[in-house]
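Presented below is the structure to which this report refers.
The values are calculated or read from the model by the stated rules, or taken from the named source; none is laboratory data. Being a predicted model, the structure only gives us computed values, none of them experimental. Cβ coordinates were reconstructed from backbone atoms using ideal geometry, including for glycine residues, and neighbour counts include every protein chain displayed. Just the protein is used for accessible areas: all its heavy atoms, side chains included, with ligands, DNA and RNA removed. Shrake-Rupley method; radii C 1.70, N 1.55, O 1.52, S 1.80 Å.
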Amino acid sequence: MGGSISPGLNMRYKALNEYTGKLPMLEPDNEFDGRYGDDTASAIRSGVQNGLKYEVLGFLESYQATAPELNIILTGGDSIFFDTLLKNSIFAPCVKIEPYLVLKGLNAAIPTNND
């Protein structure tokens, strides 16, 4: 059917650092759970991490509205960020998180030599 490609956490943090005058480079924080920031670092985390979270939840809601039987696979290194979030959501039954999908596919495609 198809899908969507979007910048991940690290790319978003990097863009804010590189394309602004003075915003610091931050790392993703799996412990961050604020709705908004009260200083520069927490405001950046809110924008990046909440923005990505709401983006994915919006996509899932849209996909499920048009195709309720759809299975959704989140891939890539940042997919792990969504593991806990989506296990506790209404989307849990239709979403599978597979950060190493491409590597698993390549490994399955390589013939084994048992000689």
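Residues whose amide H comes within less than 5 Å of that of I72, counting only those at least five positions distant or on another chain, are V95, K96 (H built at 1.01 Å from N in the peptide plane).
The calculated FRET efficiency for K104 paired with A15, based on their beta-carbon distance and R0 = 25 Å, is about 0.30. Roll a 1.4 angstrom probe over the protein heavy atoms and tell me the percent of accessible area of the chain that is carbon or sulfur. The computed percentage sits at 55. Other residues lying with their Cβ under 11 Å from the Cβ of N10 contribute a combined charge of 0, Lys and Arg counting +1, Asp and Glu -1. Under Stokes-Einstein, with the Kirkwood radius over Cα pairs as Rh, the value for segment 1-86 at 4 °C and 1.567 mPa s is 92 µm²/s. For segment 16-23, 3J(HN,Hα) computed residue by residue from phi via the Karplus equation (6.51, -1.76, 1.60; θ = phi - 60°) reads 5, 6, 7, 9, 10, x, 9, 6 Hz, glycine and proline entered as x. Each Cα pair under 8 Å and six or more residues apart adds its sequence gap; the mean of these over the residue count of segment 1-86 is a relative contact order of 22 percent. Think of a 1.4 Å ball rolled over the protein heavy atoms: the chain then has 72 Å² of accessible area per residue. Helix 51-66 and the long axis of the chain differ in direction by around 50°, with both axes built from C-alpha atoms. Once you've got the Cα coordinates, tell me which of K22/K104; K53/K104; K22/K53 are over 29 Å apart. Exceeds cut-off: K22/K104.
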